[in-house]
1. Could you work out the relative contact order of the range 73-221? I mean the mean sequence separation of Cα pairs under 8 Å and 6+ apart, divided by the number of residues, in percent.
2. At a 10 Å Cβ-Cβ cut-off, how would you order Glu212, Glu107, fewest neighbours first?
3. Take the residue pairs Lys118/Lys175; Lys122/Lys157; Lys104/Lys175; Lys125/Lys158; Lys104/Lys125 and return only those whose Cα atoms are more than 20 Å apart.
4. Given Cβ point charges of +1 (Lys, Arg) and -1 (Asp, Glu) and nothing else, what value in debye, to the nearest 20, does the dipole of the range 73-221 about its Cα centre take?
5. Please give the contour-minus-distance gain from Lys157 to Asp193: 0.36 nm per residue of separation, less the Cα-Cα distance, rounded to one decimal in nm.
6. Separation of the range 142-165 and the range 188-225 by C-alpha centroid, Å?
7. Sort Lys118, Lys157 so that the residue with the fewest other Cβ atoms within 10 Å of its own Cβ comes first and the one with the most comes last.
8. For the range 73-221, take the alpha-carbon Rg, divide it by the Kirkwood Rh, and send me Rg/Rh.
Amino acid sequence: MKRPGPLFTLLAGVVLAGGIGITNLVTGTGVTPVAGAANAAGAPSATEAPRTEPPKTAPPKTSEAPKSDAPARADYAGRVEGGGASVAVSIRDGHAIAYVCDGKKVEAWLQGVTVGGKLDLKGPKDASLAGSYNTAAVTGSVTAGGRTWRFTAGPAKKPAGLYRAAPKVRGKASKAGWIVQADGSQVGILTTDDQSAAAPVLDPAARTATVEGALVVAEPISGVDGAGEF
């Protein structure tokens, strides 16, 4: 019996290889994917970072300047910290007048302008008052007679507040100032020829006081009522 010739063997191998290829096509196995094929279909590759949308930021908010609650007209009366003196402040349309008094010797009248709820008042002999105010209170520091006090004074409703008079004492021009507190207590000084002493008691309702037997009418200083000269 003759062995198959070389040609027959070669043909059999070709047929066998072709059969294997057809089987692979039918079953879908044995095919090596081509690199980049997935990318061509639109899928991200393993090395490509996923795309993210940039974060959306809200538009910046415009800041508004804080509104001052400082009243255009106001009256305050109170005492310094630690006691020893009283303070009254009246404010009217950008101007202010204040009076500090210890009821004995130390007193000072101060005046100045107001800007944005701030006070910067000046008086004779280096007297000064600096502070701020709103609808609830005025607070700051006051200097008079070589002393400086911190203070907070609340709103003063009549008859509380600031009063002054210019009586004659033994034929000489004098001046008097009073601070009446909300509880009805008061303190004042009468000055004649640079000599100071406690002022006589003021009747706030009648706005009168008796100075050496003579009836004196006191003038109220009020930013709210518009009384008195600033």
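Derivation of every value follows stated rules applied to the coordinates shown; laboratory data play no part. The shown structure was predicted, so the numbers you read here are calculated from the model rather than taken from an experiment. Neighbour counts are summed over all protein chains in view; Cβ atoms, including those assigned to glycine, are modelled from backbone coordinates with ideal geometry.
1. Details: 391 pairs, mean separation 29.4, N = 149.
That works out to 20 percent.
2. Numbers: Glu212 12, Glu107 27.
Fewest to most other Cβ atoms nearby, the residues stand as Glu212, Glu107.
3. Values: Lys118/Lys175 29 Å; Lys122/Lys157 25 Å; Lys104/Lys175 14 Å; Lys125/Lys158 30 Å; Lys104/Lys125 17 Å.
Beyond 20 Å: Lys118/Lys175; Lys122/Lys157; Lys125/Lys158.
4. Details: 18 positive and 13 negative charges, 22 e Å.
Value, rounded to 20: 100 debye.
5. Numbers: separation 36, 0.36 × 36 = 12.96 nm, distance 3.28 nm.
Going from the current span to full extension adds 9.7 nm.
6. With the range 142-165 and the range 188-225 each reduced to a Cα centre, they are spaced 15 Å.
7. On the way: Lys118 15, Lys157 11.
Least crowded to most crowded, the residues run Lys157, Lys118.
8. Values: Rg = 14.5 Å, Rh = 15.2 Å.
Using Cα coordinates only, the ratio equals 0.95.
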